[in-house]
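S.K.: One structure, as C-alpha cells, below. Some questions next.
The values are calculated or read from the model by the stated rules, or taken from the named source; none is laboratory data. Worth saying up front: this structure is predicted, and the values here are computed from it rather than measured. Don't worry about glycine lacking a Cβ; one is built from the backbone with ideal geometry, like all the others, and counts go over all protein chains shown.
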C-alpha cells in the first residue's frame, strides 16, 4: 500500500486543530504536523446558545489557513469535525452551511457518544498494554470543555459510561460571577462539581474495584507541566504529584498562571475546575496514580479510519466496546441471557448467508447485533408493550460508538420487529428513505431469529441455512417438539419475504 497523507480538523470549544498524518504501508498513521489556533468558540456559545457571526468569520479564516496547509502537503483526504460548541448551539445548521459555502469544508458535528468513542481509541493507541490495563477496574475520565465522560472498564470489557455537563469551560463560565462575590470560591466550586458527581456515583455499577484512573483533557498538558512533566508527553503522576499541582492551583490566580507559568489566558481559568474533577475521582476510586496520556480526538479519528479502511490491526477491536456495552445494558435490565445468545447467533448467521441478496454491509451487521442484544430490555419495564419500552430506553442510552442516527435505527429495529404491520408505525414513517430500507431488513432478520426461540428453551440445534430456489431454507436438529417455534416462524416470516424477496422456510430434523 502506497503511503498517503490524511488530515483531521477538530473544531473544539476553545481551539481549532489541524493534524496531518502519513499512512504507512501497514495502515499505521504517523503524525507529521500539528497546528492549533485559539478560537474561544464555546466561551460565547455556551452562554448565548448561538455561534455569533464574528466567530463564524474567525473560524472561516482559520479553516482557510488549514486548507492552504493541506494543499501544501498534498493531503488526499480531510476529516473536519466539531464537538460540543456546535452540538449545543441552536443555529448549528445555518453556521455549517455558511462555513461550507465560504471554505468548502463540510463540518460533521460529532455526537457525544462518537466523540468519546474516538477519544478512547486514541488512548488505546497510546498504550500498547491497554488490554492489560483494563483487565482490572479502570476509569477513563475524558474532560471536555462542555462536558465530561466517565467510562468504566473491568475484566477487559467496557462496562458503563455516563456523560455529565461538567466541562471545564462550562463550569468556569457558569461560576465566573461568583468568583468576584465570594472569598470561598474554591469551596463553592467543589460543592457545584460534587453535586453532579454524586449523581454519577448513584448510577455507576457497583462492585468495581478500581486499580487505574486514566484522565485527559485539552488542559491536562498544563497540569502535567505544573507537576514537572512535559505538556506534550504521556505521563503517570503519583497521587502526591497531582495533589501538589492541585494545591498550587488553589493558591494562585489565573492571571498569575499566565504571567508566571506562561499558561495562555484562555486556558488558565479552566485548570482549577479540571483539576478538581480529577481530584474528586482520584479520591473516589482510591488509586495511587493517574495515567495522563497525550491523547486527542484527531488521533482517535485517524486510528479508527486506519482500522476500517487501511487494514490496521489492533489488539482490541474498536467495535468490541459497543458490543460489551450492549451486553452490560441487557444484563442491567435482566434480559434472558441464553435466549439473547441464541437469537444473536441465529440472526448473525442469517445476515451472513443473505448478505448478497440483502445488499447490507458490515456496519449494518453491527447494528443488527446490538439490536438483538437489546431486543428484550423493555420487559424489565413493561411485559406486554416491551418493544415500545425498549425503544425509549435505547433512544436515551449512551451507546459509545454509535451516532444519534444509528442509535435511533437500533431503537426502531427493536420497536418494529414484533409488529404485524411495522410500516404503519408513525415512527417508521419519520425515517429517511435509506434508513427505512435498512431498518426493515434488519428487523425482518431479528423477527425470524427470535421466532426460532419463541419458547425461550433453545430447542433447535446445529442451525444451518442456505438460499435455494428462491427460498431461504433454515434447518436445525431438535430433540423436543418445535411446533410452537414453527408456528411462530410461519406467522412472522412475511416481512422477511417482503423486504428480502425470498421466502424463509424452517425445517427440523429429529435429533438422535
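S.K.: Can you give me the number of residues within segment 119-150 that are assigned to a helix (DSSP H, G or I) and under 19 Å from residue 307 (Cβ atoms)? Before the answer, list the steps.
M.R.: Applying the first criterion (assigned to a helix (DSSP H, G or I)) to segment 119-150 yields 119-126, 130-133.
If we keep only those that are under 19 Å from residue 307 (Cβ atoms) too, we end up with 119-126, 130-131.
Going through segment 119-150 one residue at a time, the tally reaches 10.
S.K.: Might you let me know whether segment 307-319 holds any residue that is on the phi < 0 side of the Ramachandran plot, touching a residue at least 60 places away in the same chain (Cβ under 8 Å), in contact with a strand residue (DSSP E or B) (Cβ under 8 Å, 6 or more places away or on another chain) and not in a loop (DSSP other than H, G, I, E, B)?
M.R.: Checked segment 307-319: no residue is on the phi < 0 side of the Ramachandran plot, touching a residue at least 60 places away in the same chain (Cβ under 8 Å), in contact with a strand residue (DSSP E or B) (Cβ under 8 Å, 6 or more places away or on another chain) and not in a loop (DSSP other than H, G, I, E, B).
S.K.: Does residue 425 satisfy being over 18 Å from residue 357 (Cβ atoms), assigned by TED's automatic domain parsing to the domain that holds residue 349 and loosely packed, with under 13 Cβ neighbours inside 10 Å? Let's see the steps before the verdict.
M.R.: On the way: over 18 Å from residue 357 (Cβ atoms): yes; assigned by TED's automatic domain parsing to the domain that holds residue 349: yes; loosely packed, with under 13 Cβ neighbours inside 10 Å: no.
Criteria not met by residue 425.
S.K.: Of the residues that make up segment 353-364, is at least one without any contact (Cβ under 8 Å) to a residue 60 or more places away in the chain, in contact with a helix residue (DSSP H, G or I) (Cβ under 7 Å, 6 or more places away or on another chain) and closer than 17 Å to residue 402 by Cα?
M.R.: Looking only at segment 353-364, we keep the residues that are without any contact (Cβ under 8 Å) to a residue 60 or more places away in the chain, and these are 355-356, 359, 361-363.
Now narrow it down to the ones that are in contact with a helix residue (DSSP H, G or I) (Cβ under 7 Å, 6 or more places away or on another chain): none.
The answer is no; no qualifying residue exists.
S.K.: Here's something else I'd like to know. Looking at (1) closer than 21 Å to residue 318 by Cβ; (2) exposed (fewer than 15 other Cβ atoms within 10 Å of the Cβ), which is the only condition residue 74 fails?
M.R.: Against the list (1) closer than 21 Å to residue 318 by Cβ; (2) exposed (fewer than 15 other Cβ atoms within 10 Å of the Cβ), residue 74 comes up short only on (1).
S.K.: Whether any residue in segment 85-102 is in contact with a helix residue (DSSP H, G or I) (Cβ under 7 Å, 6 or more places away or on another chain), touching a residue at least 60 places away in the same chain (Cβ under 8 Å) and not in a strand (DSSP E or B) is what I want to check.
M.R.: Within segment 85-102 (the criterion being in contact with a helix residue (DSSP H, G or I) (Cβ under 7 Å, 6 or more places away or on another chain), touching a residue at least 60 places away in the same chain (Cβ under 8 Å) and not in a strand (DSSP E or B)), the answer is yes, since at least one residue qualifies.
S.K.: If you check residue 352 against the conditions, is it out of contact with any strand residue (DSSP E or B) (no Cβ under 6 Å at 6 or more places or on another chain), assigned by TED's automatic domain parsing to the domain that holds residue 497, under 25 Å from residue 485 (Cβ atoms) and modelled with pLDDT of 95 or more? Spell out the reasoning first.
M.R.: Numbers: out of contact with any strand residue (DSSP E or B) (no Cβ under 6 Å at 6 or more places or on another chain): yes; assigned by TED's automatic domain parsing to the domain that holds residue 497: yes; under 25 Å from residue 485 (Cβ atoms): yes; modelled with pLDDT of 95 or more: yes.
Criteria met by residue 352.
S.K.: Mind checking which residues of segment 431-454 are farther than 25 Å from residue 476 by Cβ and not in a helix (DSSP H, G or I)?
M.R.: Within segment 431-454, 431, 432 qualify.
S.K.: Right, here's the next one. Which one is surrounded by the fewest Cβ atoms within 10 Å (Cβ to Cβ), of the residues in segment 253-295 that are at pLDDT 90 or above and in a loop (DSSP other than H, G, I, E, B)?
M.R.: 262
S.K.: For segment 411-428, how many residues meet the condition of being in contact with a helix residue (DSSP H, G or I) (Cβ under 7 Å, 6 or more places away or on another chain) and within 12 Å of residue 387 (Cβ to Cβ)? Can you show your working first?
M.R.: Quick first cut of segment 411-428, residues in contact with a helix residue (DSSP H, G or I) (Cβ under 7 Å, 6 or more places away or on another chain) only: 411-418, 422, 425, 427-428.
Imposing the further condition that a residue be within 12 Å of residue 387 (Cβ to Cβ) reduces the set to 411-418, 422, 425, 427.
Number satisfying all stated conditions: 11.
S.K.: Looking at residue 428, is it assigned to a helix (DSSP H, G or I) and over 22 Å from residue 366 (Cα atoms)?
M.R.: Working: assigned to a helix (DSSP H, G or I): yes; over 22 Å from residue 366 (Cα atoms): no.
When the stated conditions are applied, residue 428 does not pass them.
S.K.: Being free of Cβ contacts under 8 Å to residues at least 60 places away in the same chain, touching a helix residue (DSSP H, G or I) at 6+ places or on another chain (Cβ under 6 Å) and under 21 Å from residue 407 (Cα atoms) is the filter here, so list the residues in segment 103-124 that pass it. Show your work before the answer.
M.R.: Taking segment 103-124 as the starting set, the residues that turn out to be free of Cβ contacts under 8 Å to residues at least 60 places away in the same chain are 103-104, 106, 108-109.
Next cut, touching a helix residue (DSSP H, G or I) at 6+ places or on another chain (Cβ under 6 Å) only: 103, 106, 109.
Passing the criteria: only 109.
S.K.: Would you mind stating whether residue 66 is surrounded by 15 or more Cβ atoms within 10 Å (Cβ to Cβ), touching a strand residue (DSSP E or B) at 6+ places or on another chain (Cβ under 7 Å), over 27 Å from residue 400 (Cβ atoms) and not assigned by TED's automatic domain parsing to the domain that holds residue 145? Explain how you work it out, then say what you get.
M.R.: Details: surrounded by 15 or more Cβ atoms within 10 Å (Cβ to Cβ): yes; touching a strand residue (DSSP E or B) at 6+ places or on another chain (Cβ under 7 Å): yes; over 27 Å from residue 400 (Cβ atoms): yes; not assigned by TED's automatic domain parsing to the domain that holds residue 145: yes.
Spelling it out, residue 66 is indeed surrounded by 15 or more Cβ atoms within 10 Å (Cβ to Cβ), touching a strand residue (DSSP E or B) at 6+ places or on another chain (Cβ under 7 Å), over 27 Å from residue 400 (Cβ atoms) and not assigned by TED's automatic domain parsing to the domain that holds residue 145.
S.K.: Do we have any residue at all in segment 198-212 that's part of a helix (DSSP H, G or I), more than 22 Å from the chain's Cα centre (by Cα) and surrounded by 19 or more Cβ atoms within 10 Å (Cβ to Cβ)?
M.R.: We begin by selecting, within segment 198-212, every residue part of a helix (DSSP H, G or I); these are 198-203.
This time we only want the ones that are more than 22 Å from the chain's Cα centre (by Cα), so: 198.
From what is left, the residues that are surrounded by 19 or more Cβ atoms within 10 Å (Cβ to Cβ) are none.
So far as segment 198-212 goes, no, none of its residues is part of a helix (DSSP H, G or I), more than 22 Å from the chain's Cα centre (by Cα) and surrounded by 19 or more Cβ atoms within 10 Å (Cβ to Cβ).
S.K.: Another question about this same structure. Could you say which residue among 445, 407 is buried (at least 19 other Cβ atoms within 10 Å of the Cβ), at pLDDT 95 or above, under 30 Å from residue 119 (Cα atoms) and under 31 Å from the mean Cα position of the chain (by Cα)?
M.R.: 407
S.K.: Would segment 62-78 turn up any residue that is free of Cβ contacts under 8 Å to residues at least 12 places away in the same chain and either farther than 22 Å from residue 302 by Cβ or assigned to a loop (DSSP other than H, G, I, E, B) (or both)?
M.R.: No, every residue in segment 62-78 fails to be free of Cβ contacts under 8 Å to residues at least 12 places away in the same chain and either farther than 22 Å from residue 302 by Cβ or assigned to a loop (DSSP other than H, G, I, E, B) (or both).
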